[in-house]
Amino acid sequence: MIFEKELETMRRPDMEALQLERLRWSAQYCYDNVAMYRKKFDEAGFDPGRIRTLSDIRYMPFTTKTDIRDTYPYGMFAVPLKKIRRIHASSGTTGKPTVVGYTQEDLNMWSHVVARLCAAAGVTDEDIAQICFGYGLFTGALGLHNGLETLGATVIPASSGNTEKQIMLFKDLGVTTVIATPSYALYMGEVAKELGYKKEDFRLRIGLFGSEGCSNEFRSKIEDVWGLFATDNYGMSELIGPGVSGECHLRQGMHIAEDHFYPEIIRSETGETLPEGEAGELVITTLTKQGFPVLRYRTRDITRLNYEPCECGRTSVRMDKIMGRADDMLKIRGVNVFPGQIESVLMEIPEVGNSYQLVVTREEFADRLEVRVELVDASLLESYAELERLQEKVKHSLRVVLGIDAKVSLIEPKSIERGAGKAKRIIDLRK
Ligand code: DLL
């Protein structure tokens, strides 16, 4: 089902005309209402009134996480606090969180874009959706919650954690749609199996996953354990939360809600705009947001854009799965690798379990990587010869597929701590 046909199937010239009109509005609005933007524009000699074409955006200064930090907590809000209906925040790994605010119009838009993506994945008003993201400052839970209600689905706000109860609810309430991080979805599947459930005990048919990377191989494991169809969904708090982009039922890239979010791809090192199809850092400009608008926000996420209309009928530009964060890219003896590629290799090896960690250290100016990966079966640990054989197999696959040499440590099943939110897979000891 297409939720907002007119907008989702718009011809490219019409979409560009709409975007240009909105870009001009958004740039002027930020200049008039946020001191930080006014200062940046003035310093760069950028006059928002002179935007004539979409490509003029390249003259506009970037916005970064540092700008948000420097104006903590409300310095980038463009309306008086009285008009802010909701505040969310993302837990910064260091220091203060990133605080974002929504007006009523922003909340309405958010619900709409999320409803669209849920519909694109195949969710309907007949579905019963259990939200296993943590409710709270994180945008995932309330974002999906309101979007699914807007679509007309029945929403169960289970929140994250208490895994056995989640599984009981899936079964007893006839849940058809699950919303979680991929790592938590697979973990719940492992627990359900241990408790003796079979996938036929459940009515789950669709999983809307996101908020962290998930290789196709990892996704197949989730689909197998639950017997469902999974889509990938992307967003970030600074932009709105979930709802920026997501896969339709054909899963040929994530459709961007382009009428509200204007995407560009740049080369991180230089800031130059890259042509269509090239991989680089995703930069997003919000076109309609009022409470916390961002202009040319550097997401640090690496992807690629495809403007070909999709066979599903939607004409919106699609982005590839996130290949990694600009900050996460590992350079192992000259070879660039993203953690997601390592995941793909690991998940193809049957003896390897579902959890892994990448420990990065720097010795003598070179990054060194240790891949710690759980075994499926603890009995392997008893046979030294078997263990060594498997270790060599994992090492070999990493070398053949990615061209890197890593230290491989095989560890007991369930020895890596499981969480209900985003999995912590990279331990960077370089800093
Ligand atoms: O994770 C928003 C969200 C919630 C998206 C629920 C989808 C579903 P933050 O907590 O601000 O917001 O984290 C944003 O998470 O910059 C990416 O690095 C990563 N991320 C989000 N979605 C994906 C995805 C939410 N589908 C950061 N694949 C982003 C890979 C993702 N990484």
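Here are a few things to note about the model shown:
- Relative contact order (%) - criterion: Cα under 8 Å, at least six apart; region: the chain: 14
- Convex hull volume per residue, computed on the Cα atoms of segment 27-82, equals 84 Å³.
- For segment 248-283 versus segment 110-154, the gap between their alpha-carbon centres in whole angstrom: 24
- Accessible-area value, Thr98, 1.4 Å probe, nucleic acids and ligands omitted, Å²: 10
- The chain: calculated mean residue ellipticity at 222 nm from DSSP helix runs of at least 4, using -39500 (n - 2.57): -10000 deg cm²/dmol
- Mean shadow area of segment 144-236 over all directions, Cα convex hull, nm²: 5.7
- Across all directions, the shadow cast by the convex hull of segment 262-338 built on its C-alpha atoms averages 6.4 square nanometres.
- Cβ crowding within 10 Å averaged over residues, with 1-8, 152-159 ranked highest first: 152-159, 1-8
- Of the solvent-accessible surface of segment 126-186, computed with a 1.4 Å probe and all protein chains present, 53% belongs to carbon and sulfur.
- With protein chains left intact and a 1.4 Å probe, residues in segment 1-73 average 59 Å² of accessible area per residue.
- Chain lengthening between Asp56 and Arg325 when straightened (0.36 nm per residue, less Cα-Cα): 94.2 nm
- Per residue, the accessible area of segment 90-183 comes to 35 Å² when a 1.4 Å probe rolls over the protein heavy atoms.
- Counting every C-alpha pair in the chain, the share spaced more than 32 angstrom apart comes to 39%.
- DSSP-defined beta bridges in the chain - what % are antiparallel, rounded to 5: 65
- 10 Å binning of all Cα-Cα separations within segment 179-291, expressed as whole percents from 0 upward: 13, 36, 29, 16, 7, 1
- Computed over segment 1-144, Kirkwood Rh from alpha-carbon pairs, angstrom: 17.9
- Projected label points at Glu351 and Arg86, each 7 Å from Cα along the beta carbon direction, are separated by 4.8 nanometres.
- Highest-fluctuation residue, Gly253, Gly313, Gly140 considered, GNM on the chain with Cα pairs under 10 Å: Gly313
- Taking the protein heavy atoms of segment 303-431 in the context of the full set of protein chains, the accessible area attributed to carbon and sulfur is 50 percent at 1.4 Å.
- Carbon and sulfur %, accessible surface of segment 203-264 computed with the full protein complex present, 1.4 Å: 46
- With all protein chains kept in place, the per residue accessible area of segment 341-400 amounts to 52 square angstrom at a probe of 1.4 angstrom.
- Protection proxy ranking of 49-58, 24-33, 172-181, 236-245 - average other beta-carbon atoms within 10 Å, highest first: 236-245, 172-181, 24-33, 49-58
- Annotation: extensible slack from Ala385 through Asp172 equals 72.1 nm (criterion: 0.36 nm per residue apart, minus Cα-Cα distance).
- Computed Rg/Rh of segment 100-209, alpha carbon atoms with Kirkwood Rh: 0.99
- Using the average count of surrounding beta-carbon atoms within 10 Å as a protection proxy, the listed peptides 416-423, 12-19 rank, highest first, as 416-423, 12-19.
- Which of Leu295, Leu282, His255, positive extreme of dipole for segment 246-301 (C-beta unit charges): Leu295
The values are calculated or read from the model by the stated rules, or taken from the named source; none is laboratory data. Every value quoted in this text rests on a predicted model; they were computed, and no experiment measured them. Because the Cβ atoms are built from the backbone with ideal geometry, glycine has one as well, and the counts that use them run over all protein chains shown. Side chains are part of the model used for accessible areas, which takes the heavy atoms of the whole protein and leaves out ligands, DNA and RNA. Shrake-Rupley method; radii C 1.70, N 1.55, O 1.52, S 1.80 Å.
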